[in-house]
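Worksheet: the structure to be examined is printed underneath.
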2 protein chains.
Amino acid sequence: MSVFTRVDRSTVSDTVIDQIMELISTGALKSGDRLPTEHGLSEQLGVGRSSVREALKALEMLGLVTRRKEGSFVSAEMSMPALTKALYVDMLARELEIRHLYQVRRLLEIELGELAVTNLEDDDLAELEALCVAMENTPDTDIQRHVRLDRQFHRTLSELAGNPVMTRLWEVTFEVLLEVRQRIPFTPQNIRHSDARHRVLLDALRERDPAKVRQTIAETLENGEVRLVERLAQLEAENDEAV
Amino acid sequence: MSVFTRVDRSTVSDTVIDQIMELISTGALKSGDRLPTEHGLSEQLGVGRSSVREALKALEMLGLVTRRKEGSFVSAEMSMPALTKALYVDMLARELEIRHLYQVRRLLEIELGELAVTNLEDDDLAELEALCVAMENTPDTDIQRHVRLDRQFHRTLSELAGNPVMTRLWEVTFEVLLEVRQRIPFTPQNIRHSDARHRVLLDALRERDPAKVRQTIAETLENGEVRLVERLAQLEAENDEAV
DNA sequence: ATTGACTGATTGTCAGACAATCTGTGGGTC
DNA sequence: GACCCACAGATTGTCTGACAATCAGTCAAT
């Protein structure tokens, strides 16, 4: 419709996506900034509001923009709940195996742990200790709380590694595994065993021994994977019986 | 957290997204299947066509469906060009450093290479050999072709590792790095050096020695990272002079 | 200063319209 | 029969206009 009428298949909403991405990547729009209103964008860019809305929806899914009733904003944090869900759906659809996901998590978590050792300060250890204690004090019934603390523990550790990209990939992997686990009830044994392993890991971190940290995380996750796969097989068997 | 967001705002298009995701994850819609027409979905689900279109746009961004003029289909391949771009934009916006990306790529590529060794068949080696030769026969000028062959080489290797999740993460990382490199002109030296390194890697693969493979990939990437960072610094200096 | 109602702005949603393009059909030609 | 072309129908991509629900800011009353 405009000068941009190329022969290629790019749609108007795609060009809007590109333009907003450009604004973000150049720093013209910064994290937390408010975007113009849909009507405003529509007028500024000379396209219909529906095209603007499709573009905003897309950017929202990609985690670049968050939308509220009051308007659209450039995302302050990189969180991609939609992507996590998409990966999960994809996993189910393609019948990917959990061990693949676990393998990736193990790889990332070990590396992150090892990297974290070098940057570890005393107050970081104190924070991790506090999280450990909090986990141990969580009752068997409050699984949500335990999961939250567990994630916080590893997130703290990840950030110490000083590699945001790796941290983000690890988070996505972790989230997808949690999604899988929503179908599997945790047992009190799971939780208490997890406590013990965190304690061991914390000790290894205190010693600032990268090899020991690597070893500890590897053992923990290998164990966890075995137990998870067993549990899944068991659940599947029960389902087959029920049918 | 995800609980909160769900309760907060549940838009019509989000429910459409969930419904289609459900169809895909349960297998009601399989890879390559055609979705109903937008009008059809609109009627079936009792929502407006614009809401359907926003949902389809979202699913497209997440890599779950592909859209052509003839209709929408459940994605056959796992490819997320939009996500790659989003990660790149995010990287620029947050001024993430390339070394972080490189660190992740190295971690994944080494692991994939090591895993691939165990599944390596003779005809796989032949295919890799062919790719190597093709790379060596690529003229200095045809950079696109060299990049394509390079990617194909590593993709073949990745798939031998037998972990689709890891392969996909590696691909995303690789794509983002390519995006970065689009701003940096390759030199003939880059290309010929890359040829040599692939040859060394191929030899290591032939010996089916995991440790040697790991070592080779690690060296190659460490070297590549150093040169890339140097080149970036150089370009930046030139830009500063120009300004 | 705090509260509460009003107004305007903004989003979320729908319906209708239109051009461009793809699909498939049917006839005509060799 | 095989091939080619024109035509009609279906589908997407886009724009416009409309409406209710909700949010932000204003302004008056307490």
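The values are calculated or read from the model by the stated rules, or taken from the named source; none is laboratory data. The model shown is predicted, which means the values in this text are computed figures rather than measured ones. Virtual Cβ from ideal backbone geometry, glycine too; neighbours counted across all protein chains shown.
Brief remarks follow.
- Here is the figure for the range B:13-51: residues that are touching a helix residue (DSSP H, G or I) at 6+ places or on another chain (Cβ under 8 Å), in a helix (DSSP H, G or I) and more than 18 Å from A:A86 (Cα to Cα) total 8.
- The requirement of being closer than 30 Å to B:R49 by Cβ, assigned to a helix (DSSP H, G or I) and out of contact with any helix residue (DSSP H, G or I) (no Cβ under 7 Å at 6 or more places or on another chain) is fulfilled somewhere in the range A:86-94, by at least one residue.
- Annotation: of all residues in the range B:195-243 being outside any helix (DSSP H, G or I) and at pLDDT 80 or above, the one that is surrounded by the most Cβ atoms within 10 Å (Cβ to Cβ) is B:D209.
- Those residues of the range A:154-202 which are farther than 27 Å from B:Q103 by Cα and of a type in the set (D, E, K, R), in sequence order: A:E179, A:R181, A:R183, A:R192, A:D195, A:R197, A:R199
- For the range B:44-67, a residue qualifies if it is more than 11 Å from DNA strand D (Cβ to nearest atom) and farther than 15 Å from A:V89 by Cα, and the qualifying residues are B:Q44, B:L45, B:G46, B:V47, B:S51, B:A55.
So that you can scan it fast, the table gives a plain yes or no per residue for (1) within 11 Å of chain B (Cβ to nearest Cβ); (2) within 16 Å of DNA strand C (Cβ to nearest atom); (3) of a type outside the set (G, A, S):
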| residue | (1), (2), (3) |
| --- | --- |
| A:G27 | yes, no, no |
| A:E43 | no, yes, yes |
| A:V65 | yes, yes, yes |
| A:G71 | no, yes, no |
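- Some residue of the range B:74-84 being within 30 Å of B:D33 (Cα to Cα), in contact with a Phe, Trp or Tyr (Cβ under 8 Å, 6 or more places away or on another chain) and of a type in the set (S, T, N, Q): no
- Flag if B:Q103 is at pLDDT 85 or above, more than 12 Å from DNA strand D (Cβ to nearest atom), part of a helix (DSSP H, G or I) and surrounded by fewer than 14 Cβ atoms within 10 Å (Cβ to Cβ): no
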